[in-house]
1. Just tell me which aspartates and glutamates come within less than 12 Å, Cα to Cα, of LYS123; anything on the same chain fewer than 8 places away is out.
2. Under the 0.36 nm per residue contour assumption, what length would be gained going from the current alpha-carbon distance of GLN20 and PHE79 to full extension?
3. Helix-derived [θ] at 222 nm for the chain: sum -39500 (n - 2.57) over DSSP H runs of at least 4, divide by residue count, nearest 500?
4. Would you mind ranking VAL43, VAL120, VAL57, VAL108 by Cβ crowding within 10 Å, fewest neighbours first?
5. Treating cross-link reach as a plain straight distance, find the aspartates and glutamates whose alpha-carbon is under 20 Å from the alpha-carbon of LYS82, omitting any fewer than eight places away in the same chain.
6. Bin width 10 Å, alpha-carbon pairs only: give the P(r) of the chain as whole percents, running from 0 to the bin holding the largest distance.
7. Counting only C-alpha contacts under 8 Å and six or more residues apart, can you give the relative contact order of the stretch 11-122 as a whole percent?
8. If the reach is capped at under 12 angstrom between alpha carbons, list the aspartates and glutamates near LYS56, excluding any in the same chain fewer than eight residues apart.
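What follows draws every value from the coordinates through simple rules; no lab data is involved. Keep in mind that what you see is a predicted model, and the values were worked out from it rather than measured. With ideal geometry, Cβ positions are generated from the backbone for all residues, glycine too; neighbour counts draw on all protein chains shown.
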Amino acid sequence: MRFFNLPLKWKHTFAVGYTQGDFTHTFSQLYRSGYTDEMPVSVRNGSFIPTEWNRKVGNYITYNYSLGYTGFEDFDMIFGIKNLLDRDPPFTAHQNDFSAGAGWEPRVADPRGRAYTLQVNYKF
């Protein structure tokens, strides 16, 4: 079995933050450029070619936001939203391990959709 090396031409995570008083805002973008997918075995040998299959995997862009508050005496908290726009990962054949990533590439995208986080830090 060969292992497919992802040919991403560009990837970045960009974040900007702003603090006003006890509040901190952070907005970030995660970007992964599109790439040419590996060819599934069924397409390579001609036994089955899905009607919608395309070797060009699209770009993957998600946005995240968090709001922090530090106005309490002994603790602070951060509420966050990952994948703010609930973006689905681009489809890929992903033949690397035949299990994780059924239709998406786990090294590039996250299929879980929008998620909420809460972090609380307490000082003893």
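1. Straight-line reach from LYS123, under 12 Å: GLU73, ASP74, ASP76.
2. Details: separation 59, 0.36 × 59 = 21.24 nm, distance 1.61 nm.
Separation in residues times 0.36 nm, less the Cα-Cα distance, equals 19.6 nm.
3. The per-residue figure over the chain is -500 deg cm²/dmol.
4. With the fewest neighbours first, VAL43, VAL120, VAL57, VAL108 line up as VAL120, VAL43, VAL108, VAL57.
5. Straight-line reach from LYS82, under 20 Å: GLU105, ASP110.
6. 12, 32, 25, 16, 10, 4, 1
7. Numbers: 214 pairs, mean separation 26.9, N = 112.
Result for the stretch 11-122 is 24 percent.
8. Excluding near neighbours in sequence, the set is ASP37, GLU38.
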